[in-house]
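The values are calculated or read from the model by the stated rules, or taken from the named source; none is laboratory data. Please read all numbers here as calculations on a predicted model, not as lab measurements. Here the Cβ positions follow ideal geometry from the backbone for every residue, glycine too, while neighbour counts run over all protein chains shown.
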Ligand SMILES: Cc1cc2nc3c(=O)[nH]c(=O)nc-3n(C[C@H](O)[C@H](O)[C@H](O)COP(=O)(O)OP(=O)(O)OC[C@H]3O[C@@H](n4cnc5c(N)ncnc54)[C@H](O)[C@@H]3O)c2cc1C
């Protein structure tokens, strides 16, 4: 019998689910609330595609190597189509610091450390058109899923039998063997389960930052600036920045500010302040020189950024059968790490393996949760730990009374005097680090190898003068200088928080 699969949402997780499960003798229908892409290509999609369901669609996106490798392994023709549409590929060698470029020797594995960058609308448009041509896959736009069909079994598990949908003014029921909730950060799947009295385990906390993006287009005949000594992405504590080269002469710049830096984050929304900050950052300024590029549209802001993990297995038992969660509905993460779309892609292929291996619904539910717990969750936990540290650092920055303890000083020294110069001086170490960054192996696996740990420790004990050229250059003005240049009060937030007297 042909399995019928219904997918809620045609965002990243919905499209990757179709790539993974489609064309395998299944009937797969994707139900998407938003309208289809407008006629035309990448520029029309960017300018006119109404995607109210994806509030972050016009924020900078980069697609990590793990995602690209899945596309390359399973749908190489799609990768060709992405290239043809103008998507860029940034290779491992493109990211080498100037100080260690001459020590780089290419290795066969380097090509699997390649990132795709493009406007998210471009990637989504090309993926969508590819998926729509897959046998057995149908994408239905303007269809709103309003509930789950099914009920509780004798063990209190929700047995999903399909979906309730609203198509224009018509409401109907769609029966299915499997339902995949790929409805993103605002997915209601768990709320619908709650209506049946189903409970689940969930962890959720603030990512501690806000995100601001502005797009630019290179002027006719212009090219991106040569890579200078100051990188196009960096973390200055009170501000993080990144230039995202994109398709068809476009690029975007993202600034992110800690939630606690209210004065700064309110100001960044003003295009003139956003641009002013960019001009003060040497890694960004050459991109937006008036004779090189022009801005496209407003500054897009995004708050309510959370890390959230939800599990469909509770006390070793599945809470639902024939219902799977993918993408942000399963795990939301801080966009700074650029892993959300890769999570969606990884989960889709984990589900494909589980469905091929298991036929019993309970075994499938347990195996899928087990697979995402093993493969994805460790990265989720790492990112959450880093977010907590960054939130603490942001607060300490505002607190004039803060004095770091010994452990904090030691960790800072390890990061700044060991890890950073080690990675920047030795392409082999950078390669090992990047494998974790791209989720090709556990994030800290590289540091557990005696040889790499030895190199890092050797760098730590080396006198500063001998490793001076491997320290990163100054990324821009310090906090006080930046606030002065922007004519903002550098103490207003500390006063608001009662850290200093008003
Ligand atoms: C500011 C920002 C920047 C980011 N940058 C990156 C990055 O650089 N790299 C990266 O990998 N990740 C990034 N992410 C994360 C990434 O965008 C998400 O993880 C990804 O979009 C998740 O895919 P999804 O399919 O779960 O959700 P979405 O892509 O949001 O798609 C959900 C879809 O479901 C539809 N839908 C919702 N409810 C219904 C319903 N009831 N009926 C029918 N359809 C419905 C919506 O319309 C939407 O199309 C970023 C996130 C943010 C917020």
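Quick notes
- Any chance residue 162 is touching a residue at least 12 places away in the same chain (Cβ under 8 Å) and within 15 Å of the ligand (Cβ to nearest atom): yes
- Hits in the stretch 13-34 - residues which are within 10 Å of the ligand (Cβ to nearest atom), assigned to a helix (DSSP H, G or I) and touching a strand residue (DSSP E or B) at 6+ places or on another chain (Cβ under 7 Å): 14, 17
- Residue in the stretch 219-231 that is in a strand (DSSP E or B) and touching a residue at least 40 places away in the same chain (Cβ under 8 Å) present: no
- The stretch 208-254: number of residues that are within 16 Å of the ligand (Cβ to nearest atom) and more than 19 Å from residue 336 (Cβ to Cβ): 2
- The listed residue being touching a helix residue (DSSP H, G or I) at 6+ places or on another chain (Cβ under 9 Å), at pLDDT 95 or above, part of a helix (DSSP H, G or I) and surrounded by fewer than 17 Cβ atoms within 10 Å (Cβ to Cβ), out of 373, 353: 353
Residue-by-condition table, conditions (1) in contact (Cβ under 8 Å) with a residue 60 or more places away in the chain; (2) not in a helix (DSSP H, G or I):
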site: 412; (1), (2): no, no
site: 418; (1), (2): no, no
site: 424; (1), (2): yes, no
site: 428; (1), (2): no, no
site: 440; (1), (2): yes, yes
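- For the stretch 35-54, the candidate set comprises residues that are within 14 Å of residue 125 (Cβ to Cβ) and within 7 Å of the ligand (Cβ to nearest atom); within that set, the residue that is nearest to the chain's Cα centre (by Cα) is 54.
- Pairs where the first residue, in the stretch 1-27, is free of Cβ contacts under 8 Å to residues at least 40 places away in the same chain and the second is assigned to a helix (DSSP H, G or I) and surrounded by 24 or more Cβ atoms within 10 Å (Cβ to Cβ), C-beta under 9 Å, 6+ apart: none
Here's the yes/no breakdown for (1) over 30 Å from residue 348 (Cβ atoms); (2) more than 16 Å from the ligand (Cβ to nearest atom):
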site: 256; (1), (2): no, no
site: 264; (1), (2): yes, yes
site: 288; (1), (2): yes, yes
site: 291; (1), (2): yes, yes
site: 302; (1), (2): no, no
site: 312; (1), (2): no, no
site: 322; (1), (2): no, yes
site: 325; (1), (2): no, no
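- Scanning the stretch 461-479 for residues that are surrounded by 15 or more Cβ atoms within 10 Å (Cβ to Cβ) and in a helix (DSSP H, G or I) returns 467, 470, 479.
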